[in-house]
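The values are calculated or read from the model by the stated rules, or taken from the named source; none is laboratory data. Small disclaimer: the values here were computed from a predicted structure and weren't measured. Neighbour counts run over all protein chains shown; Cβ positions are idealised from the backbone, glycine included.
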Ligand SMILES: [Zn+2]
């Protein structure tokens, strides 16, 4: 290789150099204008998965601390508030009695009254049985600090690139206790239900070894397939559509996360998530276990879907 390079005529070398440099600049330009701030995305997921939040179980101090972090981030991003608040407290009953949860949401106004709700649950399962490594904190890095970090990254993007639709960014509480936050949200919507054209839900989007991010919902809403196909064409990861047919048994994810509350209200949804992995609902679902490159691509791909749906 070295010898062949030495024998290359000068003009050819110049051309190669020129091509190489233009490639460099193209890469640099792509990086500089890339819509998602990778460092901030990783900081958000790392922070939310920190031990200090004690697994973010609904009703605990750790969950409340996570709310404070998210309220700060919503303010930094500049999300607008409905009725002067980002907080929607709600109550439900489980086997331990009455529980209070808190949804957090804000919005970016669009050019029309049509609304897309982008959602991710921020709660997780808290502290459990210690594993062999004597770790008892279920950090929920993938489930679902990843979805919330993705939601924040998209909010930053659309703040800089105003959308056509009004975008509501909703971080739901108590998903792990039966989609309670999403149910409370759809029961008391901040906008008329008829204005909501789509829910984009993210739950577990950072941990997969096959570079596969599943999209659930297109069997119910085939008209949404074109957005996935368009985004897949620009993506370095694959976006298989599925896990949404009633014949799939427990592999039907239609009722597996917050999008189901929208589905029940006949609001179209697309749910993005990975297949279960070894750290699913374990204390080992830590920041150190997520795939950075996959996660970044996943958020970028979901952003492309939202951009398509917003056209
Ligand atoms: Zn989850």
Looking only at the stretch 145-159, decide whether some residue is assigned to a strand (DSSP E or B) and surrounded by fewer than 24 Cβ atoms within 10 Å (Cβ to Cβ).
no
Of the residues 131, 139, 199, only one is farther than 22 Å from residue 303 by Cβ, more than 12 Å from the ligand (Cβ to nearest atom) and buried (at least 22 other Cβ atoms within 10 Å of the Cβ); which?
139
Failed item, numbered, when residue 86 is tested on (1) in contact (Cβ under 8 Å) with a residue 60 or more places away in the chain; (2) closer than 23 Å to residue 262 by Cα; (3) touching a helix residue (DSSP H, G or I) at 6+ places or on another chain (Cβ under 8 Å); (4) away from the ligand (no atom under 16 Å from the Cβ):
(1)
Just to check your reading of the model, which residue among 95, 63 is exposed (fewer than 13 other Cβ atoms within 10 Å of the Cβ), in the same structural domain as residue 171 (by TED's automatic domain parsing) and at pLDDT 50 or above?
95
Only one of (1) assigned to a strand (DSSP E or B); (2) touching a helix residue (DSSP H, G or I) at 6+ places or on another chain (Cβ under 6 Å); (3) under 15 Å from residue 259 (Cα atoms) is not met by residue 197, so which one is it?
(2)
Looking at the structure I just gave you, is residue 155 touching a helix residue (DSSP H, G or I) at 6+ places or on another chain (Cβ under 9 Å) and within 16 Å of the ligand (Cβ to nearest atom)?
no
Of all residues making up the stretch 97-114, the number that are under 15 Å from residue 173 (Cβ atoms) and more than 21 Å from the chain's Cα centre (by Cα)
3
For residue 97, only one of the following conditions fails: (1) in contact with a helix residue (DSSP H, G or I) (Cβ under 8 Å, 6 or more places away or on another chain); (2) away from the ligand (no atom under 15 Å from the Cβ). What is its number?
(1)
For the stretch 51-73, how many residues meet the condition of being in contact (Cβ under 8 Å) with a residue 12 or more places away in the chain and in contact with a helix residue (DSSP H, G or I) (Cβ under 8 Å, 6 or more places away or on another chain)?
15
Can you tell me how many residues within the stretch 115-128 are more than 16 Å from the ligand (Cβ to nearest atom) and within 21 Å of the chain's Cα centre (by Cα)?
3
